[in-house]
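Every read-out reported here was derived from the displayed coordinates using simple, explicitly stated rules and does not represent laboratory data. As the structure is a computational prediction, the values presented were derived from the model and not from experiment. Methodologically, a virtual Cβ is constructed for each residue, glycine included, from the backbone with ideal geometry; neighbour enumeration extends over all protein chains shown.
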Amino acid sequence: MAALGTSFARWRAEALGLDYRAAFERICAMRFALVRLSASWREVAQFGYGHLDWLMSEAARISQPVLLTVGMKALGWPEFYLPEDMYPADAGVLRRAIVHVRDVTRRYRDNPMLVAWQIENEPFNRSGPHALWIARRVVRAEAEAVRSLDRNRPLVVTSFAHFDESLDRWSSRHQSTWKRRLGLAAPAEREALSILRRGDILGLDVYPSIGWLDADGRERVAHAAPDQLAAVAGWHRIAREQGKRFWVTEAQAEPWEARRQTHADPLSIQPEAIGELVNRLVGIGVETILLWGSEYWLWRADKGDPRWVDAVSLVRTALA
């Protein structure tokens, strides 16, 4: 049976008006098998390690297993979380990123609830306001920095899963149509696997419904191509053949809206879609599924709409 987890970020909780400590306690009380946290480089530069220290210490106190992301990217928009005075293409950014990764690894490697390290977040997909990605050599150097300090825990590298031809093309760092047609553009999943060793984990982020605006500014919802789960299953098989594990590191459990105005009354998904997606992922043998949207569920519950929390609780109970 699949293990069910989620992700949590202080900045996402506070953006919705939640106290991050109380919110984290509420999420952990839901008894997830795993909670993913992020070591935001920008947050550390601005505020120090205080917020993350509390989250990691609280996880240890209550025996909550944690997956921790490290690097230049962290959870959620705007994707890249570099210090304010830095840009991904700046000279010296790799050296400084490695220093940050090493500092985070040394700081938390003795936490008994840390089960794995995630290297960046969708590093080989174009993302954020500037549609940037991270070079393979950089991700490999970050992975080796973590391995040099902690040889006991597996590494996770993630990618945005197949959605449809249009979004796949946009999110690929390879924008040349002829290279893609000739198979000369390595997919992000393949690049992620190249970083991983036997026993490490390929993570895919699976979103079935995405809001967008058409040319006339009207809100639309795009649904994933019918072969989305077949593609996910294909990468599951490839990872297994290489002696690597496979997780879904983000399973959509929060709306992806075209406009902020519809966030509370979404067009893209409703709570019942959470169980439907989890059931489909369990059906193809995914061993660990992390639901995306924990901060949103709490926000909606505080606004008198407990359907999201209830839907997640039903899924967790079914998998227990």
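Based on every Cα atom in the chain, Rg and the maximum pairwise Cα distance Dmax equal 18.7, 54 Å.
Sorting the segments 61-74, 6-19, 226-239 by their residues' average number of neighbouring beta-carbon atoms within 10 angstrom, most packed first, yields 61-74, 6-19, 226-239.
Between amide H atoms placed 1.01 Å from N, distances below 5 Å from residue 114 occur with 66, all of them 5 or more places distant or on a separate chain.
For segment 216-320, give the magnitude of the charge dipole about the Cα centre (Cβ charges: +1 Lys/Arg, -1 Asp/Glu; no others), in debye to the nearest 20. Display every interim value, and only then the final one.
Details: 13 positive and 15 negative charges, 59 e Å.
In total the dipole reaches around 280 debye.
Over the residues of the chain, the helix contribution to mean residue ellipticity at 222 nm works out to -12500 deg cm²/dmol, using -39500 (n - 2.57) for each DSSP H run of at least 4. Once divided by 2.2 N^0.38 Å, the Cα radius of gyration of segment 196-296 becomes 1.21. Between residue 141 and residue 242, the contour length at 0.36 nm per residue exceeds the Cα-Cα span by 34.3 nm. With Cα atoms defining each centre, segment 283-312 and segment 209-245 are spaced 19 Å apart in the structure. Over segment 6-146, the pair-distance histogram of Cα-Cα distances with 5 Å bins from zero comes to 2, 10, 20, 24, 21, 13, 8, 2, 0 percent, rounded to whole numbers. Note that segment 221-226 has calculated 3J(HN,Hα) couplings of 10, 9, 10, 4, 4, x Hz, one per residue in order, obtained from phi through the Karplus relation 6.51 cos²θ - 1.76 cosθ + 1.60 (θ = phi - 60°); glycine and proline are x.
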